[in-house]
Structures are given as C-alpha cells and as structure tokens.
Amino acid sequence: MTDRLLDSHALGDVPGDSRSTRHWRLTAWWRRGLFTVLVAAQTAVGARAMIGILPYRGHGVLELSLLVIYTVLFAWISAGMWMAVFGFVVRALGGDRHALLRRHAQTLNYAPLAPTAVVMPIYHEDVERSLRGLRATYRSLERTGQLHFFEFFILSDSRDPERWLAEQEAWQALCRELGAQGRLHYRRRRVNLKAKPGNISDFLRRWGRRFRYFVVLDADSLMRGDTLVRMVQLMEREPRCGILQTAPELVNAHSPYARLQQFSNHVYGPVFSAGLAALQLGEAVYWGHNAIIRTAPFMRHCALPRMRGIGLFRGPVLSHDFVEAAYMARAGYEVWLEPELGGSYEESPPSLDDELARDRRWAKGNLQHLRLLMGGRGLHLAHRLAFLNGILSYAAAPLWLAFLVLSTLEVAHFTLWPIDYFPGMHSLFPVWPRWNPGWAVLLSSSTAVILLLPKVLAVLDTALHRTRRRAYGGVFRLVAGALLETLTSAMLAPVRMLAHSRYVIAALLAIRVRWAGQNRSLELAWGAALLKHAPAAVLAFAWAGFGYWLKPMFFYWSMPVVVPLLLAAPTSVLLSRFGLGERLRRAGLWVIPQESSAREPMLAELDGKPLLASSMLGFGLFEMSVLHPQRNALAARLARSDRGARRVRLQALRERCLEQGPDALRADELQLLAGSRESMRWLHRSAWAAAPDNPWGARVEALSLALCSPSTSPHA
C-alpha cells in the first residue's frame with residue numbers, strides 16, 4: 001500500500017461541535033444525573049438499614065468502620081444493578097438512538113474506506129491459536145472484497161527463541177497459504193520496552209503515517225470482515241470519533257469454566273454493555289483490543305509517560321487502555337462503545353487460576369489509576385469515574401474481606417466483652433445495644449435481590465425474543481444454565497475475594513508483576529491447585545471453628561464463604577476439565593448461539609490445518625533453524641546484523657555452540673545467537689561441515705535422512 005496524504009482530521013485537527021454532539025452531551029448529562037440519584041437514594045436506604053442492625057447504632061470505631069465499608073460496597077453493587085436496568089430499558093425500546101451505528105444506519109453502506117492496519121501484539125502466546133485466528137479474520141475480510149484497504153501486522157515481543165522462531169515459521173506458512181506476501185507482516189522487537197503500549201508505539205513510529213486507522217487485536221481475538229469494514233466506515237462518517245470500541249463476545253470455550261464465562265458474556269453481557277454505552281455515550285472507555293483507533297491523534301495525544309513517583313506509582317502504566325481513552329477525550333475527540341457491532345470475538349481463560357494470574361497484572365494497573373483519578377489535569381469527569389470503577393473492581397475484594405473480619409470482631413466483642421453503654425467518646429446518655437435479626441434478614445434479602453436482578457433482567461431480555469431463546473436451547477435450558485451459573489459463581493466469589501485482596505496488597509507494596517503470556521489450552525493439575533488453594537482452605541477452616549466456638553448462629557452465617565474456600569481446589573480442577581465441558585455442551589447447558597445453530601465460518605476455520613510442521617525429529621526450533629536450509633534462511637533474514645562490541649561476544653558464543661552443542665548454552669545466550677544474522681548463517685554452514693563426533697553430527701545425520709539425502713548435505 002502506498003503512502004497517501006492525510007486530511008486535516010487525520011492530522012489531529014478536531015472538527016467543531018456538531019448538533020448531534022451537543023445533543024448526546026445533553027442526553028448524557030440527564031441520564032447520568034438520574035443514575036446518580038437512583039444509586040445515591042438506594043445506598044442511603046441501605047446504610048440506614050445497616051445502622052438499624054448494628055448493636056450500638058454505628059457508634060464507636062468498629063461499627064463506624066463496618067458502616068462505611070458496607071456503604072461503599074452497597075453503592076458499588078447498586079450501581080451495577082441500575083446500569084443493568086438502564087441497559088434492559090434501552091434494549092426493550094429498540095436500541096439507543098444516539099449510538100453511532102443507528103445514527104448512520106441509512107448511509108453507512110455508502111461511506112468510503114481508508115487505509116487501515118490490523119495489528120496483533122503477541123508475547124509468548126500459543127502461536128498456532130493466535131495465527132489461526134488471524135487467518136480466519138484475514139479470510140473473512142477477503143470475502144468482503146475490501147481487503148486492499150487493510151494490512152496485517154504481527155508485533156512480537158517474545159524473548160524465548162523457541163517462541164519467536166515458531167512465530168516466524170507460522171507467519172511464513174500463513175503468507176504462503178493466503179498469498180499475503182506484502183500484506184501480512186511480522187516484526188519482533190529486540191528490546192521489550194513498556195510491554196504492549198511500547199509495542200504499539202514502536203509500530204506507529206515505523207508505519208503509523210501510512211494508515212488513517214489501526215485496529216488492535218489480542219492474541220485470542222477474532223473479527224469478522226464485515227465488522228472491520230463497518231468500523232472504518234463509521235470512523236469516516238464521524239470525524240470526531242477517536243476510538244470506536246466493540247463489545248467482544250466470548251467464543252470457542254471448551255472447559256466448564258470457559259463455558260461458564262462464555263454463557264455469562266452472551267446472556268448478561270448485552271444488557272450491561274447497553275447500559276454502559278447509554279451512560280457513557282461519546283465518553284466511553286477503550287478496553288485495549290477489538291477496537292479501531294484514529295492514528296494521527298492517537299500518536300499526537302495518547303503517549304503514556306513513565307510514572308516517576310514511588311512504589312505503585314513508579315514505572316510504566318500497566319492498564320494503558322483506560323488512560324489512552326481519557327487522553328483522546330482530553331484532546332477533544334470522542335470515544336464510543338458500540339454494543340450492536342457484532343462479529344467481534346475473544347476467548348476466555350480455561351480455568352479460574354489462569355484468570356486470576358491475569359488479574360494480578362490488571363489489579364496493579366487499575367490501582368495505578370488512583371494517581372490520575374486525583375490528578376490527571378484536564379481529564380473529563382466521565383473518565384475519572386471510569387478510573388474509579390476500575391479501581392473498585394479490585395479494591396472491592398479487600399473491602400469485602402475487611403467487612404468479614406470486622407463483623408467477626410463485632411460478634412466477638414458483643415459476645416465476650418462486657419456491654420459498653422457509652423460507646424461514643426462524648427456520649428451523655430447510655431446506648432442500649434440490641435440486635436435486630438429481622439432487619440438483618442431483610443437487608444440480606446435486599447442485597448441478594450440487587451445482585452440477582454441484573455441476571456433476571458438479562459434472562460428476561462433473552463427469553464422475550466423467540467430467535468434468541470431458541471439459540472440457547474429454549475427457555476428451560478436458558479433458565480437452568482443461568483441458575484447453574486449463579487450457583488457456580490457463588491462458589492468462586494470467595495476465592496476471587498482472597499486472590500484479589502492479595503493482589504491489591506502486593507500492588508500497594510510495589511511488588512513487581514511478571515507477565516509471560518497466558519495459558520489458553522491446558523487443564524489445571526491437581527497438585528498445583530491443592531498447593532495454591534491450601535492456605536485459603538486452612539484459613540476458612542480456622543475461621544469456621546472460631547465462629548462455631550463463638551456463636552453457632554455466626555458459624556452458619558459464615559458458611560457461604562467457608563464452604564467455597566474449603567472446596568476451592570477441587571472446584572478449580574473440575575471446572576478446567578475439557579471433557580466435562582463437552583458433556584455440558586451435549587446436554588445443552590451453557591450453549592451459545594454460535595454453537596446451537598450453523599457454526600460461524602470464522603470459528604470453524606480455527607480448526608483448520610496447522611501452520612507449524614508436526615514432525616521436528618525430536619529437535620527444538622533453534623536446532624531446526626540452524627540445520628534446516630529453508631528455516632535457517634528465514635531465521636537469518638529476520639534476524640539483525642551484528643554491531644559493535646556484540647560481534648566479539650557472538651563469535652565466542654557460536655564457536656562454543658558448535659563445539660559443545662546448544663544444550664551447553666543458557667537461554668539468554670541462545671537468544672543472542674538466534675537474533676544474529678551472521679551467527680545463524682555461520683552455524684548452519686559449520687554444523688553441516690562438522691565432524692561425525694561433533695555434537696551436531698547426529699543431528700545432521702538425522703536431518704539428512706529426513707531430507708532423503710543420506711550421503712550429501714543440501715549444500716554439496
């Protein structure tokens with residue numbers, strides 16, 4: 001694709017306010033006002049009920065702390081409930097008339113297209129799955145007839161030679177299969193600086209000016225071709241839009257845990273997404289993938305500075321997406337979430353433990369937003385509230401844990417210590433402590449209703465549409481799936497609470513977070529699960545024993561938390577088993593429309609022929625890249641030339657590798673050799689010329705037999 005001149009919009013000049021912009025801002029103002037009033041009123045009622053339950057009516061440090069924590073948590077779940085109500089109403093009325101897709105429904109097909117890059121940053125990912133997904137996206141786009149407007153980029157940050165050599169081989173195979181030479185590119189950075197944001201920035205510095213837009217995909221992302229085309233057309237119709245975010249649907253789930261997440265996403269997700277989009281309108285957030293971005297203003301306004309504070313607030317911004325959306329809005333551009341843009345997919349981790357490993361990084365990244373929440377000059381209130389929402393998504397866990405601890409102390413204090421008739425420091429009159437069990441039951445019931453109402457509304461939203469409910473196997477299977485999901489989620493909630501509490505504490509203590517790719521296809525082993533969840537089980541057992549000794553009624557009250565923690569290991573293992581997931585699918589539980597009807601062509605293509613050769617003769621990819629002529633040529637072509645003082649070190653390394661074999665080198669030494677063009681070529685020639693007693697001799701002989709040339713090398 002040749003370079004083209006970009007217009008003033010692409011160069012970052014923000015168009016003036018239009019009538020539609022002023023209209024949606026006014027609508028956002030009154031919607032958010034109504035939402036705030038409803039949440040505040042409900043929270044006030046809940047706090048007043050809590051005061052009536054506490055023995056000393058909120059007097060004293062202990063009860064005041066309980067009241068404050070409960071109020072924050074109650075407001076948090078109340079906001080979630082009202083967001084679902086907003087979404088249900090919007091969908092019942094046929095959609096939001098302010099949404100971009102509806103606003104341009106009549107003219108969208110006539111909108112032009114513009115040069116667009118589709119980028120996939122990867123880091124130690126499952127190469128087969130990632131590139132098969134990219135293959136499905138490419139073919140789907142090819143079927144639209146608009147492929148010539150798009151180019152694809154695989155942006156690797158992988159450090160392990162075995163990983164990046166596999167990526168290179170799969171990329172070359174994919175280029176041959178698709179005939180995509182010159183349209184499907186691969187680039188691996190030598191220095192992994194600032195992780196994913198740095199990877200994207202490096203791409204923009206090199207190629208950004210060639211494209212008006214770029215679409216970001218995760219390693220497990222899929223996007224239909226017509227969806228990509230419509231996204232570009234919407235951006236062309238809306239020059240004020242800087243980021244357009246889709247609402248990805250989870251697909252291709254195999255384990256019960258992934259199927260649970262997938263079912264929840266498809267049934268509950270539309271209601272929550274519609275409510276979120278209705279409240280945010282043109283001040284939405286960016287989720288880091290499955291979105292299209294206007295290139296020039298992103299390059300100009302969304303660079304992330306390295307934080308120079310202390311502890312948590314020092315180093316790179318880990319959760320970059322919310323910040324980039326806030327910076328785009330600060331520059332005068334709009335950010336939209338479009339829930340009705342279908343054909344945008346991703347996958348779920350196969351087990352709870354895999355999801356929690358990912359959450360550790362997200363927890364620290366979201367807590368870093370505290371600095372922007374309190375500071376962040378020029379940021380919109382809507383994005384500050386988005387930061388607060390992200391912070392509470394993890395901070396709610398230690399708050400819940402603190403509430404349980406303080407409740408235990410309250411019961412112990414009321415049971416074991418003498419009654420304090422003057423709990424307040426300056427109280428003139430005695431306070432007669434008393435419990436109100438009836439109020440406690442009523443408040444607990446009300447809290448359960450607030451938590452469950454969004455799910456009820458989502459199931460109702462699906463059941464009211466004949467086509468949708470049939471896609472989930474009918475009303476009976478839909479309701480049965482929702483009930484089973486609710487029970488399972490209740491079993492997982494205490495496990496998440498403890499894990500997220502640890503992550504928040506670790507983040508506040510500035511403990512470093514390491515990220516090395518994500519498991520997407522392996523079951524959880526019993527040994528690993530027992531080892532990981534044993535401390536929580538011991539803690540739960542001790543808490544239950546203390547509660548029973550203290551007050552039997554308190555013991556029974558603690559069971560919804562204690563039992564899931566005691567069963568955390570077997571629950572996690574069973575939910576990771578692919579065989580059990582397949583049995584659930586055959587039983588019609590937790591099915592989604594893409595499974596119950598004709599399978600989406602893109603999903604079927606994920607099961608296509610493999611990209612990597614299945615037989616490696618027992619060799620690693622580094623060894624094959626040294627010995628095999630075609631693989632060596634590819635590895636050398638994509639490696640870099642030696643420069644400066646590295647030449648001396650690389651010469652010593654490759655001579656040692658030749659004399660002692662690759663097993664004698666450390667991982668970082670193999671990394672240096674695999675990234676050196678001269679070293680890979682030298683090793684190839686030298687290995688084929690080596691004596692039979694050389695460590696490479698047996699390898700050369702085995703490969704010679706495989707190449708049907710037992711007597712001569714390919715270079716003879």
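The values are calculated or read from the model by the stated rules, or taken from the named source; none is laboratory data. Quick caveat, the model's predicted, so the values are computed rather than measured. Here the Cβ positions follow ideal geometry from the backbone for every residue, glycine too, while neighbour counts run over all protein chains shown. All accessible areas refer to the heavy atoms of the entire protein, side chains included, with ligands and DNA or RNA removed. Shrake-Rupley method; radii C 1.70, N 1.55, O 1.52, S 1.80 Å.
For the range 300-331, trypsin sites (Lys or Arg not before Pro) meeting the loop criterion (DSSP other than H, G, I, E, B) and having at most 16 other Cβ atoms within 10 Å: 306. Computed on the Cα trace of the range 68-159, the radius of gyration divided by the Kirkwood hydrodynamic radius gives Rg/Rh = 1.17.
Kirkwood Rh, the chain, all Cα pairs: how many Å?
Details: mean 1/r = 0.0351 Å⁻¹.
That comes to 28.5 Å for the chain.
If you place +1 on the Cβ of every Lys and Arg and -1 on the Cβ of every Asp and Glu, how big does the dipole about the Cα centre of the range 318-397 come out, in debye to the nearest 20?
Numbers: 8 positive and 11 negative charges, 145 e Å.
Value, rounded to 20: 700 debye.
Roughly how many percent of the accessible protein surface of the chain is carbon and sulfur, given a 1.4 Å probe and a whole-percent answer? Intermediate values should be presented prior to the final figure.
On the way: 20180 of 32370 Å².
Heavy-atom surface of the chain belonging to carbon and sulfur, 1.4 Å probe: 62 percent.
Normalising the average separation of contacting C-alpha pairs (under 8 angstrom, six or more residues apart) by the number of residues puts the relative contact order of the chain at 17 percent. Couplings 3J(HN,Hα) of the range 244-252, computed from phi: 10, 9, 8, 9, x, 9, 7, 9, 6 Hz, in residue order, whole Hz [Karplus 6.51 cos²θ - 1.76 cosθ + 1.60, θ = phi - 60°; x for Gly and Pro].
Kirkwood radius and radius of gyration were both taken over the C-alpha atoms of the range 262-366, and their ratio Rg/Rh is 1.00.
Divide by every residue of the chain the summed helix terms, -39500 (n - 2.57) for each DSSP H run of at least 4, and state the resulting mean residue ellipticity at 222 nm, rounded to the nearest 500 deg cm²/dmol. Walk me through the intermediate numbers first.
Values: 28 runs with 429 residues, N = 716.
Rounded to the nearest 500, it is -19500 deg cm²/dmol.
Under 5 Å from the amide H of residue 156 lie the amide H atoms of 122, 187, 188, 189, each residue being 5 or more positions distant or on a separate chain, with H modelled from the backbone and absent for Pro and chain starts. The relative contact order of the range 214-314 comes to 45 percent, based on Cα pairs under 8 Å that sit 6 or more residues apart. Counting only Cα atoms, the range 150-233 measures 39, 31, 23 Å along its principal axes, largest extent leading. Here the range 466-616 is described by how far its Cα atoms reach on the three principal axes: 59, 47, 28 Å, from widest to narrowest. Along the range 492-506 the Karplus relation, 6.51 cos²θ - 1.76 cosθ + 1.60 evaluated at θ = phi - 60°, assigns HN-Hα couplings of 8, 4, x, 5, 4, 4, 5, 5, 5, 5, 4, 5, 5, 4, 4 Hz to successive residues, with x for each Gly and Pro.
What pairs in 194/364; 196/364; 196/532 have C-alpha atoms more than 23 Å from each other?
Numbers: 194/364 15 Å; 196/364 15 Å; 196/532 28 Å.
As for pairs spanning more than 23 Å Cα to Cα, those are 196/532.
Rounded to the nearest 20 debye, the dipole size of the chain about its Cα centre is 1420 debye, using +1 on the Cβ of Lys and Arg and -1 on the Cβ of Asp and Glu.
Loop-located trypsin sites (Lys or Arg not before Pro) in the range 174-276 (DSSP state other than H, G, I, E, B) with a sparse environment of at most 12 neighbouring Cβ atoms within 10 Å: 190.
Other residues with beta-carbon under 9 Å from the beta-carbon of residue 290 carry, at +1 per Lys or Arg and -1 per Asp or Glu, a net charge of -2. Note on the range 141-155 and the range 456-504: Cα centroid distance 36 Å, given to the nearest whole angstrom.
Extent of the range 316-388 along its three principal axes (Cα atoms, max minus min coordinate, largest first): 40, 31, 19 Å.
Taking amide H atoms as placed 1.01 Å from N in the peptide plane, the amide H of residue 118 lies under 5 Å from those of 151, 152, 153, 215, each 5 or more residues away in sequence or on another chain.
For the range 662-668, putting each phi into the Karplus relation 6.51 cos²θ - 1.76 cosθ + 1.60 with θ = phi - 60° gives couplings of x, 5, 7, 9, 6, 4, 5 Hz, in residue order, rounded to whole numbers and with x for Gly and Pro.
For the range 100-212, the mean projected area of the C-alpha convex hull, equal to one quarter of the hull surface, is 8.3 nm².
Quick check on packing: order 660-667, 682-689 by the mean number of other C-beta atoms within 10 Å, highest mean leading.
Numbers: 660-667: 13.6, 682-689: 19.5.
So the peptides 660-667, 682-689, ranked by packing, come out 682-689, 660-667.
Here the range 168-195 and the range 630-650 have alpha carbon centers that stand 18 Å from each other. The mean sequence distance of close C-alpha pairs (under 8 Å, at least 6 residues apart), as a share of the length of the range 264-391, puts its relative contact order at 31 percent.
When DSSP beta bridges are limited to those with both residues in the chain, what percentage is antiparallel, rounded to the nearest 5? Spell out each step's value before the answer.
Working: 11 of 36 bridges.
Counting only bridges with both partners in the chain, antiparallel ones make up about 30 percent.
Across all directions, the average projected area of the convex hull around the alpha carbons of the range 257-306 is 5.5 nm². For the range 464-548, trypsin sites (Lys or Arg not before Pro) meeting the loop criterion (DSSP other than H, G, I, E, B) and having at most 10 other Cβ atoms within 10 Å: 512, 514. A 1.4 Å probe run over the protein chains yields, for the chain, 45 Å² of accessible area per residue, whole-number rounding. Taken over the range 162-207, the convex hull of the Cα atoms encloses 82 Å³ per residue.
The amide H of residue 341, built 1.01 Å from its N in the peptide plane, has 247 as neighbours under 5 Å, considering only residues 5 or more places off or on other chains.
All alpha carbon pair distances within the range 578-669 were sorted into 10 Å bins beginning at 0; the resulting P(r) in whole percents reads 11, 27, 20, 14, 18, 10, 1.
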